[in-house]
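To start, the structure itself, in structure tokens.
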């Protein structure tokens, strides 16, 4: 019989063991997933950290066995407050025959309070397992981002594209190219929210990235800087893409240079750099609605490990302010 309990001191170890079990199962299909989350103690510690930083959670039990866990935290973003369900706090037993039912029970337990508080958007990060993805789709979640990875390895360099590592003197160029990406992502069929940042604000953001260890690769053709790829060493979803491994952040190719091998040369340089610096994997996330991104990243050998899904709640369910 299905029962729902709060994620607390009495249930957290069972929930951590469940996350580890799902992760171990998933690594048979996706060996690029971080090995560390196959350990129950690590998963339990991650759940404890989520609770310590404001997350609430619930665990579903079936005849005393943990069947699913879901955690939720409200965050502030550029477009207002939203709820995030991180992968470290979200799992369903891979043998569960009907993920939709148990996910619906957990979501109904956690969502009402934050919806009443005015939250309209829910983002969930999850492992790439088809039954889990179908259960979320049945709940009204649509795929928003793809997390993908491939092994770091040396790649031959393109002869007509020159790639260099940018420094502080290149920040104006980096900001100009990053601005190209922002403009593209607001176009159809992507329709990402417009980013209202000035070039100076973008420049400062990339200066901060550099100070935190990010590496900027800049591509040029015939002396003109036309492409950008940013490698960071922090991951927005550490259960899906390992923290401390290179993670591809802001990328862009100038519209006049598309189709000329710029992006491919940048990726080859990043994979070569990662291998040369002793890293095992290079990860990326991209929007599947982006008609340039999805075929490019999959075509360059990046294999999906997990997804971010989004559900928007109609404004009529909010409390007035």
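A few notes on this one:
- Residue in the stretch 271-294 that is under 18 Å from the mean Cα position of the chain (by Cα), assigned by TED's automatic domain parsing to the domain that holds residue 155 and without any contact (Cβ under 8 Å) to a residue 60 or more places away in the chain present: yes
- The number of residues in the stretch 146-166 that are more than 20 Å from residue 297 (Cβ to Cβ) and touching a residue at least 24 places away in the same chain (Cβ under 8 Å) comes to 5.
- Verdict on residue 143 being touching a residue at least 24 places away in the same chain (Cβ under 8 Å), within 30 Å of residue 23 (Cβ to Cβ) and not in a loop (DSSP other than H, G, I, E, B): yes
- When residues of the stretch 52-83 are limited to those that are assigned to a loop (DSSP other than H, G, I, E, B) and within 23 Å of the chain's Cα centre (by Cα), the one nearest to residue 313 (Cα to Cα): 79
- From the options 207, 239, residue that is surrounded by fewer than 24 Cβ atoms within 10 Å (Cβ to Cβ) and modelled with pLDDT of 95 or more: 207
- Filter pass, residue 309 being in contact with a helix residue (DSSP H, G or I) (Cβ under 6 Å, 6 or more places away or on another chain) and either part of a strand (DSSP E or B) or closer than 23 Å to residue 35 by Cα (or both): yes
- Count of the stretch 246-260 residues which are assigned to a loop (DSSP other than H, G, I, E, B), surrounded by fewer than 22 Cβ atoms within 10 Å (Cβ to Cβ) and in contact (Cβ under 8 Å) with a residue 12 or more places away in the chain: 3
- Residue within the stretch 102-121 that is more than 22 Å from the chain's Cα centre (by Cα), modelled with pLDDT under 95 and part of a loop (DSSP other than H, G, I, E, B) present: yes
- If you go through the stretch 265-285 and pick out every residue that is over 15 Å from residue 213 (Cα atoms) and not in a strand (DSSP E or B), you end up with 11.
- Apart from one condition, residue 86 fits all of (1) over 18 Å from the mean Cα position of the chain (by Cα); (2) within 26 Å of residue 149 (Cα to Cα); the exception is (1).
- Residues being in contact with a helix residue (DSSP H, G or I) (Cβ under 6 Å, 6 or more places away or on another chain) and more than 15 Å from residue 264 (Cβ to Cβ) - total across the stretch 155-168: 1
The values are calculated or read from the model by the stated rules, or taken from the named source; none is laboratory data. What you see is a predicted model, and the numbers here were worked out from it, not measured in a lab. Glycine also receives a Cβ, built like all others from the backbone with ideal geometry; neighbour counts cover every protein chain displayed.
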